[in-house]
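Data first, discussion second: the structure below is written as structure tokens.
The values are calculated or read from the model by the stated rules, or taken from the named source; none is laboratory data. Just so it is clear, the structure is predicted and the values come from calculations on it, not from any experiment. For neighbour counting, all protein chains shown are included, and Cβ atoms are generated from backbone atoms with ideal geometry for every residue, glycine included. Just so you know, the surface numbers come from the protein's heavy atoms only, side chains and all, with ligands and any DNA or RNA stripped out. Shrake-Rupley method; radii C 1.70, N 1.55, O 1.52, S 1.80 Å.
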Amino acid sequence: MVRRVAVVGAGVSGLAAIKCCLEEGLEPTCFERSDAVGGLWYYTDKAEEGRASIYRTVFTNSCKEMSCYPDFPFPDDHPNYMHNTRLQHYICKFAEHFGLLQHIQFKTLVTKVRKHSNFSVTGQWEVVTQSNGKEETTVFDAVMVCSGQQVYPNLPFADFPGIEKFKGCYFHSREYKEPEKFRGKKVLVIGLGNSGSDIAVELSTMASQVYLSTRSGSWVMKRVWDNGYPWDMLVITRFQTWLGKILPRALSDWLYVRRMNRSFKHENFGLMPLDRASRKEPVLNDDLPGRIACGAVVIKPDVKEFRETSVLFQDGTVQDDVDVVVFATGYIYSYPFMEDHSIIKSRDNEVTLYKGIIPPQLEKPTIAVIGLVQTLGAIIPTVDLQCRWAVKVFEGRKPKAASPFLSSLPQRHGSGTTLQPDYITYTDELASAIGVKPSMMKLLVTDPRLALEVFFGPCTPYQFRLMGPGKWCGARKAILTQWDRTLR
């Protein structure tokens, strides 16, 4: 019987894990290597080894109604998109409100997680930790890995011939903090993701010129969508998901491309994805098209070769006198504390996990990886459901089949990664398994007003606390007043 649960990391996933354990009467112990909660959102002036790192001006890409914990809305007066310091404050308030801090051991590093000698019978794990120079080994009935995915930088130097000859400065985007030191420089940013585009835009206010290199292009969306409303409150709805499933693929693709090109024609800006109908996660940036139009950011193709002071691109163009290169090339999934690395298999950034959470090959399903799945929706409500599902599995509700994540869920953003399912399809599947998915038929009969808002309105986190285990009495009101808070 599972009683004691080790939680690795006290970021948004770790806090959800602690809370879900407490709701089920389990005894969580969370190990956090830093001195505060927040994980990725806990800003520090320097990138620290083994910890996620953000730059000073990071704002959220999901609005407050879509990205809160499902039974803890943001205060009414908070803006729809928040600076990292304000989100960090909210995370701290969440931890205080639900009494989570007393279950966290700060400044404690997890160095090893290994199967107990009698694992095949008990499913127990040994967790080795270091704190104040002392090492300690503790036995737990289950482990929840909440250490984050943006920790270990991906630096594919083998793909960039001549980088060793380059005389300028180059570094990964996790080391970037603010633009002032790049005043008057020529900067090349490699990678058109959220970080790459954010950094390119910010640097363009200081640098003499910014070049943004992209291998395959990307759709670029603004946070502010139709009629000035948050993009995710209009895009992530049950109605839109249902429509996407019933329309013919060709028509769905045509509508998607038309919608993404409505603000500006991507082809004219050098941003068009190689696969026009690609549904890979779009870049969210309000300013990039404007900076391109002003010439402050110049879009370039993939790098072919680095030289001492210049860069040759795949289209044959050469850019001279490049001073700085920022590699916004993403992260690799790594769990150095796992003694048996095959438990969470990772090959070419592919991970085989049932529902994106449980390693399917284990005799006992008593370890869960939380927060690895990347949906188009917000991370907090996703990890909350993952934790609730994982705790039920720990308690004996076994997965239906030990099938890999790839075959268990449809993909939204193409085949580039096994970790990007459709947000509503994925969260509904977890919610159904634990009995908290809202029943549309029941709502239509008992509460038609609420049913219409649940189906046609944004799929806000409160929907998963409307009914079933963990029901929150404030969920109905939160759903019916979500647009009021958005306008506020």
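Bridging of Lys177 to aspartates and glutamates at a Cα separation below 17 Å is possible for Asp45, Glu48, Glu49, Asp198, Glu202, once same-chain residues fewer than 8 apart are set aside. One decimal place: the segment Asn261-Cys473 gains 72.2 nm when fully extended, by the rule 0.36 nm per residue minus the C-alpha distance. Accessible surface for segment 183-264, divided over its residues, is 45 Å² per residue with a 1.4 Å probe.
Annotation: for a label point projected 7 angstrom from Cα along Cα→Cβ of Asp77, residues of segment 87-118 with backbone N closer than 19 Å are 87-94. Rg over Rh for segment 15-79 works out to 1.02, both radii taken from alpha-carbon positions and Rh defined as the Kirkwood radius. Stokes-Einstein diffusion for segment 188-331, with the hydrodynamic radius set to the Kirkwood value over Cα pairs and evaluated at 4 °C in a medium of 1.567 mPa s, equals 79 µm²/s.
Placing +1 on the Cβ of every Lys and Arg and -1 on the Cβ of every Asp and Glu, with no other charges, gives the chain a dipole of roughly 980 debye about its Cα centre. Descending by average beta-carbon neighbour count within 10 Å, the peptides 266-273, 374-381 line up as 374-381, 266-273, the highest first. Shown are Lys471, Lys392, Lys265, whose ranking by accessible area with a 1.4 Å probe and every protein chain present, most to least, is Lys471, Lys265, Lys392.
Cys residues of the chain that find no other Cys beta carbon under 4.7 Å: Cys21, Cys30, Cys63, Cys68, Cys92, Cys146, Cys169, Cys294, Cys459, Cys473. Here the calculated FRET efficiency for Phe269 and Lys112, from their Cβ-Cβ distance with R0 = 56 Å, stands at 0.70, rounded to the nearest 0.05. Put +1 on the Cβ of each Lys and Arg and -1 on the Cβ of each Asp and Glu in segment 177-297; which of Gly290, Leu203, Gly270 then has its Cα farthest toward the positive end of the dipole? Ranked along the dipole, the leading option is Gly270. Among 59-67, 146-154, sorting by the average number of other beta carbon atoms lying within 10 angstrom of each residue, highest first, gives 59-67, 146-154. Site pair Tyr229 and Lys442 shows an inter-label distance of 2.7 nm when each label is modelled 7 Å from Cα along Cα→Cβ. Using a cut-off of under 12 Å, list every residue of segment 262-279 whose amide N is near the label point 7 Å from the Cα of Thr317 along the Cα-to-beta-carbon line. Output list for this probe position: 269-271. Give me the percent of DSSP beta bridges within the chain that run antiparallel, rounded to the nearest 5. About 45 percent, rounded to the nearest 5.
Under 5 Å between amide hydrogens, built in the peptide plane, is the criterion, and for Asn61 it picks out nothing among residues at least 5 positions away or on other chains.
Size descriptors for segment 139-257: radius of gyration and Dmax over Cα atoms are 20.2, 57 Å. At the residue level, Asp159 shows approximately 80 square angstrom of accessible surface with a 1.4 angstrom probe and all protein chains present.
What the Cα convex hull of the chain gives, in volume per residue, is 152 Å³.
Taking every C-alpha pair closer than 8 Å and separated by at least 6 residues, the mean separation divided by the residue count of the chain gives a relative contact order of 20 percent.
Sorted on the mean count of surrounding Cβ atoms within 10 Å across their residues, most packed first, peptides 365-373, 71-79 read 365-373, 71-79. The portion of the accessible surface of the chain made up by carbon and sulfur, rounded to a whole percent, is 51 (1.4 Å probe; DNA, RNA and ligands excluded). As an exercise, use a Förster radius of 22 Å and the Cβ-Cβ distance of Ser310 and Phe171 to find the FRET efficiency, rounded to the nearest 0.05. E(calc), rounded to 0.05, equals 0.70.
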